[in-house]
1. Somewhere in region 32-41, is a residue open to solvent by less than 60 Å² (accessible area, probe 1.4 Å), in a strand (DSSP E or B) and out of contact with any Pro (no Cβ under 7 Å at 6 or more places or on another chain)?
2. Among the numbered conditions (1) assigned to a strand (DSSP E or B); (2) open to solvent by less than 50 Å² (accessible area, probe 1.4 Å), tell me where GLU23 comes up short.
3. Test ASN11 against the stated conditions and say whether it is part of a helix (DSSP H, G or I) and modelled with pLDDT of 95 or more.
4. Could you list all residues from region 25-75 that are of a type in the set (A, V, I, L, M), touching a residue at least 40 places away in the same chain (Cβ under 8 Å) and touching a strand residue (DSSP E or B) at 6+ places or on another chain (Cβ under 7 Å)?
5. Of all residues in region 51-64, which are open to solvent by less than 60 Å² (accessible area, probe 1.4 Å) and more than 10 Å from the chain's Cα centre (by Cα)?
6. Against the definition (outside any helix (DSSP H, G or I) and surrounded by 16 or more Cβ atoms within 10 Å (Cβ to Cβ)), how does LEU4 come out, yes or no?
7. Can you tell me which residue within region 66-75, out of those that are under 19 Å from THR22 (Cα atoms) and of a type outside the set (Val, Ile, Thr), is least open to solvent (accessible area, probe 1.4 Å)?
Amino acid sequence: MKELLLYMAKNLVDHPDAVSVTEIPGETTTLELRVAPEDMGKVIGRQGRIAREIRTIVKTAAQKAGQKVNVEIVD
């Protein structure tokens, strides 16, 4: 799931080298997405639409793989 999130985020932003994903294991794996400050708007979108869709895609892919994943976008 980490690779999927990285791929999507790098294709949305102007500074793909600044994109990083940290995986925090647990009962539900948490993926923390970090991007350059000027790219936050591109990842979140208007009224959070892009962020919501990113979470939906990653959660759906995780469910198909038998995993539970949460995506957090952090500063």
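1. Yes, region 32-41 contains a residue that is open to solvent by less than 60 Å² (accessible area, probe 1.4 Å), in a strand (DSSP E or B) and out of contact with any Pro (no Cβ under 7 Å at 6 or more places or on another chain).
2. Unmet condition: (2).
3. Taking the combined requirement at face value, the residue satisfies it.
4. Let us first name the residues in region 25-75 that are of a type in the set (A, V, I, L, M), namely 31, 33, 35-36, 40, 43-44, 50-51, 54, 57-58, 61-62, 65, 69, 71, 73-74.
Checking which are touching a residue at least 40 places away in the same chain (Cβ under 8 Å) leaves us with 31, 33, 54, 57-58, 61-62, 65, 69, 71, 73-74.
The answer is LEU31, LEU33, ILE54, VAL58, ALA62, VAL69, VAL71, ILE73, VAL74.
5. ALA61, ALA62
6. Values: outside any helix (DSSP H, G or I): no; surrounded by 16 or more Cβ atoms within 10 Å (Cβ to Cβ): yes.
So LEU4 fails the test.
7. ASN70
The values are calculated or read from the model by the stated rules, or taken from the named source; none is laboratory data. Because the structure is a prediction, the values reported are computed rather than measured. Reconstructed Cβ throughout: ideal geometry from the backbone, glycine too, with neighbour counts over all protein chains shown. For accessibility, only protein heavy atoms count, side chains too; no ligands or nucleic acids. Shrake-Rupley method; radii C 1.70, N 1.55, O 1.52, S 1.80 Å.
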